[in-house]
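Student: Once you've had a glance at the structure underneath, I'll fire off some questions.
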Amino acid sequence: MIHPLEPSEMPDQSYDVIVCGSGSSGSVVARRLSDDPSINVLLIESGGMEYSDTITHAARWPENIGGPQDWGFMSEPVAGLNGRALLMSMGKVVGGSSSINAMIWARGHRNDWDYYASESGDPAWGYQAIQEHYRTIEEYRGVADLPRGTDGPVTVFQPSQRHPIATALVAAAESLGIPRFSNPNGRMMEERSGCSLSDIRADGETRMTIFDSYLRPVLGRQNLTILTGATVERIAIESGRAVGVDVVEGRRRHHFRATHQVVLSTGSINTPRILMQSGIGHESELTRLGVPIVQHLPGVGENLQDHICFPSIFEYRDAIEPRGNGSAATIYTAVRSDSASPDVMMCQGEFPICSPEIARQHFVPQHAWSLVAGLAQPRSRGRVRLRSSDPREKVILDLNALSDPDDVKTAKAAVELSREIGAQAQLRELTKREAFPGATYGNELDLFIREAAVPFWHQTCTAKMGRDEMSVVDANLKVYGVENLMVADGSIFPRIPTGNTMAPCVVVGERAARILTS
Ligand SMILES: Cc1cc2nc3c(=O)[nH]c(=O)nc-3n(C[C@H](O)[C@H](O)[C@H](O)COP(=O)(O)OP(=O)(O)OC[C@H]3O[C@@H](n4cnc5c(N)ncnc54)[C@H](O)[C@@H]3O)c2cc1C
């Protein structure tokens, strides 16, 4: 069979497993299951197979935001952000968000994974156990300080052409007492604080997506069918068992049957949406919207988190062009005395990054770099809800960012730390001035963070794994109360991983495949 197929080319038929979504988790599930020739896998992806130049050329990643391969999810106005709405991008193309993201590879902190193990009641999610997954995932081409994978499908690089700002930033952080590590994904992920050059998923100037790493090499497999340009609307559920999916392609409708399992890997906004459209969610809410209830699970769509962030901008003394992915240094640190793990995560942008509101209010120098400080462990929680029972309607995306006063305090401390780092001698050599926020304190700083906040686009946690009544999946990623239905994507984290979220989503894909095949 020639792959991939367009929906119009293929008959509606039956598969052993249907994987919905080909992103950072779904690509992994489909690949690993299809490694067994006896499992017949259908992978359904809403986006297309083609990559634009803005996808393949690493430094052009910001141009994907709001572009044709972005779902373009817009939040409701956020009270904590002075009523601003944020664009919560996610990739709509094979590879999902790994095809439009900033390519930073961050494995998640020891305390994150140990928390997932305790919430799920399964040590297989703990930090030690997850190390073994990473050894099968990675082919690491950097200086390791803990054992790293050497022959996995995911090549991880340290930047070959180091931007002067990246090396100066690490030196500046170190001069303030933040310990320097050879890479951010070994011992640094076990500490409260650390700085390093980043691990990235770009080979020089060229992006590598999770689809490229897992699926492109096996596209010819007879037991793997990839269907692009097709959107899953509902899971078909009969007598409490998932038996297939309803799919639309333009005006055409398809029904595919799954004899063994349906796996939802459609990302943390569309996964709760599809669950709710299928009658799985809060009973009173779904009944009010006229969606027939299949399973009351009040946690569906709740617990939404992102590392909302607050960029400071520094004008270059002499313009320096971005290199590689344009972001090559990482700092994790704790600004609160009660934080056991990092509560602030920082990365550098080798170009100016700011909210549209800040760009309107300030002069943003063309030749500038950014220090982007995000809340590593935000306390505010948002939610995803259906607007109506019509699957074509946009969801209600209620971010609720900065609703917890502790998040506001942490955000202010993070911006003050950015200023302090930016003022260190190593960076002053390259930087003419801090363009903004500059010397801003008290209420003025409060106003700045609310106007300057932008997403890290790490939206996660909306179908959380756990054992309380708000949990949606158990330790085996099975949806409570529905047979043969699994969620495997960024939705399942009980709380957001410290650091960027792509690598933990790959782990989720690996765990899902292992659970299904063992
Ligand atoms: C601009 C941006 C920058 C980022 N930068 C980084 C970074 O540098 N490092 C990092 O680690 N993380 C980064 N992230 C976040 C990271 O990429 C995501 O957290 C991660 O890829 C999520 O994986 P996922 O499998 O949950 O969802 P996704 O990778 O988004 O995959 C979901 C897939 O499902 C498909 N889909 C959705 N709905 C349907 C449907 N109804 N039917 C069929 N298919 C559907 C989507 O098109 C998509 O392909 C960034 C994200 C963005 C948007």
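Student: Considering all alpha-carbon pairs of region 403-518, what whole percent are spaced by more than 18 angstrom?
Tutor: 65 percent
Student: Loop-only check: which trypsin sites (Lys or Arg not before Pro) in region 188-297 are DSSP coil with at most 10 other Cβ within 10 angstrom? Intermediate values should be presented prior to the final figure.
Tutor: Numbers: sites: Arg192, Arg201, Arg207, Arg221, Arg234, Arg241, Arg251, Arg252, Arg253, Arg257, Arg273, Arg288; in loops: Arg192, Arg201, Arg221, Arg251.
Within region 188-297, the qualifying trypsin sites (Lys or Arg not before Pro) (loop, at most 10 other Cβ atoms within 10 Å) are Arg251.
Student: Too long at a 26 Å Cα-Cα cut-off: which of Lys394/Lys464; Lys92/Lys412; Lys92/Lys464? Before the final figure, lay out each step's value.
Tutor: On the way: Lys394/Lys464 22 Å; Lys92/Lys412 34 Å; Lys92/Lys464 23 Å.
Flagged as over cut-off: Lys92/Lys412.
Student: Mind checking which aspartates and glutamates have their Cα closer than 16 Å to the Cα of Lys409? Skip sequence neighbours fewer than 8 apart in that chain.
Tutor: Excluding near neighbours in sequence, the set is Asp338, Asp343, Glu444, Asp446, Glu451.
Student: Also, quick follow-up: For the full complex of protein chains and a 1.4 angstrom probe, list Phe436, Phe73 by accessible area with the highest value first.
Tutor: Ranked from most to least accessible, the order is Phe73, Phe436.
Student: Leaving out ligands, DNA and RNA, what percent of the accessible area of region 445-518 is carbon and sulfur, probe 1.4 Å?
Tutor: Values: 870 of 1850 Å².
Carbon with sulfur: 47 percent of the solvent-accessible area.
Student: Using a 1.4 angstrom probe on heavy atoms only, work out the carbon and sulfur share of the accessible area of region 164-207 in %.
Tutor: Taking all protein chains in place, region 164-207 shows 46 percent carbon and sulfur surface.
Student: Here's a follow-up. If you count only protein heavy atoms with a 1.4 Å probe, what accessible area per residue comes out for region 263-405, rounded to a whole Å²?
Tutor: 35 Å²
Student: Report the net charge of residues surrounding Ser97, where surrounding means a beta-carbon distance below 11 angstrom and charges are Lys +1, Arg +1, Asp -1, Glu -1.
Tutor: Its environment carries a net charge of -1.
Student: Which distance in Å, rounded to a whole number, links the C-alpha centroids of region 69-126 and region 136-190?
Tutor: 21 Å
Student: How much of Tyr332 can a 1.4 Å solvent probe reach, expressed as accessible area in Å² and rounded to 10?
Tutor: Accessible area of Tyr332: about 0 Å².
Student: Using only alpha carbon positions, build the gyration tensor of region 240-301, then give the equivalent ellipsoid semi-axes as the square roots of 5 times its eigenvalues, largest first, whole angstrom.
Tutor: Working: eigenvalues 85, 38, 31 Å².
Square roots of five times the eigenvalues give 21, 14, 12 Å.
Student: If you take the Cα atoms of region 118-197, find Rg, then find the Kirkwood Rh from the mean of 1/r over all pairs, what is Rg/Rh?
Tutor: 1.05
Student: For region 19-31, just list the computed ³J(HN,Hα) in residue order, Karplus coefficients 6.51, -1.76 and 1.60, θ = phi - 60°, integers in Hz, with x standing in for Gly and Pro.
Tutor: Result, ordered by residue: 9, 9, x, 10, x, 4, 9, x, 4, 5, 4, 4, 5 Hz.
Student: Please report the antiparallel percentage of DSSP beta bridges with both residues in the chain, rounded to the nearest 5.
Tutor: Of those bridges, close to 65 percent are antiparallel.
Student: What accessible area per residue comes out for region 134-209, rounded to a whole number of Å², with a 1.4 Å probe? List each step's numbers first, then the result.
Tutor: Working: 2820 Å² over 76 residues.
So region 134-209 comes to 37 Å² accessible per residue, rounded to a whole number.
Student: Another one. What is the Cα radius of gyration of the chain over 2.2 N^0.38 Å, N being its residue count?
Tutor: In units of the globular-protein estimate, the chain measures up at 0.93.
Student: How large is the Rg to Rh ratio of region 43-172 when both quantities use alpha carbon positions and Rh follows Kirkwood?
Tutor: 1.03
Student: Could you give the accessible area per residue of region 412-518, probe 1.4 Å, as a whole number in Å²?
Tutor: 33 Å²
The values are calculated or read from the model by the stated rules, or taken from the named source; none is laboratory data. Computed from a predicted model, the values in this text were never measured in an experiment. Virtual Cβ from ideal backbone geometry, glycine too; neighbours counted across all protein chains shown. Please note that ligands, DNA and RNA were not included when accessible areas were found on the heavy atoms of the full protein model with its side chains. Shrake-Rupley method; radii C 1.70, N 1.55, O 1.52, S 1.80 Å.
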